[in-house]
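Only one structure is covered here, and it is reproduced in the block below.
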Amino acid sequence: MNRLRPLLGGMAVAVVVVLTSAAPASAHDELLSSSPVAGENLPSPPEEITLTYSADVLDMGAEVVVADGDGTDWVAGDPVVASGVVSVPLQEGMPDAGYEVRWRVVSSDGHPISGLIPFTVGDGAPLERTAASPTAAAADDAASVPAEAGGIPRPVLVGAAGAVVAVIAFLVILLVRRAERGRRS
């Protein structure tokens, strides 16, 4: 029994270390700034849209749409992703109107994040959104994004780690008891 106490104490310390050192779920990257900014009224159409994130986002799955009230997309090329910045060129000839930047990128932790940035050009009226009727593009995006796009949920990882520690503890106790029985014989 004297040898069992240090072993059990060591295992208890190991369990505490494993469970307390498990990193908390990291927050997804977030949009820090944009050009144009949300609600901005520009005197003339922008040549490009620039989105700056809190960390390097993945270039796979990066999408940017600049839509007017009719749903016309004014983006003239594919998004360029570099060092946490996503930019897209715009077509020339954008009329004075309200626009909405609809963006979706894959966060550095593997999860998709998305958002909307409304802006107007010239004397155009801002786009009106109603909560009851999301745009078709937003609905399409939601339908195409899996609930967990990469990564194992934290509760599963913690539970698995706990199960592994419990099995190891059981095996160690079993081996110690067998060794003590062998000495007694």
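The values are calculated or read from the model by the stated rules, or taken from the named source; none is laboratory data. Quantities reported herein were computed from a predicted structural model and do not represent experimental measurements. Here the Cβ is made from the backbone with ideal geometry for all residues, glycine too, and neighbour counts use every protein chain on show. To get the accessible areas, we keep the full protein, side chains included, count just its heavy atoms, and leave off ligands, DNA and RNA. Shrake-Rupley method; radii C 1.70, N 1.55, O 1.52, S 1.80 Å.
Observations on the model:
- Residue check for residue 173: at pLDDT below 85, of a type outside the set (Phe, Trp, Tyr) and part of a loop (DSSP other than H, G, I, E, B): no
- Residues in the stretch 113-123 that are surrounded by fewer than 20 Cβ atoms within 10 Å (Cβ to Cβ) and either over 12 Å from residue 68 (Cβ atoms) or without any contact (Cβ under 8 Å) to a residue 60 or more places away in the chain (or both): 6 in all.
- Any hit, the stretch 132-141, residues being under 21 Å from residue 86 (Cβ atoms), at pLDDT below 70, buried (at least 17 other Cβ atoms within 10 Å of the Cβ) and of a type in the set (Asp, Glu): yes
- Test result for residue 151, at pLDDT 50 or above, open to solvent by less than 90 Å² (accessible area, probe 1.4 Å) and in a helix (DSSP H, G or I): no
- Close pairs from the stretch 159-175: first within 13 Å of residue 14 (Cβ to Cβ), partner aliphatic (A, V, I, L, M) and not in a helix (DSSP H, G or I), Cβ under 7 Å, at least 6 apart: 161/22
- Counting only strands (runs of 3 or more DSSP E) that sit wholly inside the stretch 34-107, those with at least 3 residues that are open to solvent by less than 50 Å² (accessible area, probe 1.4 Å) and out of contact with any Ser or Thr (no Cβ under 6 Å at 6 or more places or on another chain) are 58-67, 98-106.
- Restricting attention to the stretch 176-185, the residues being open to solvent by 90 Å² or more (accessible area, probe 1.4 Å) and over 20 Å from residue 14 (Cβ atoms) number 5.
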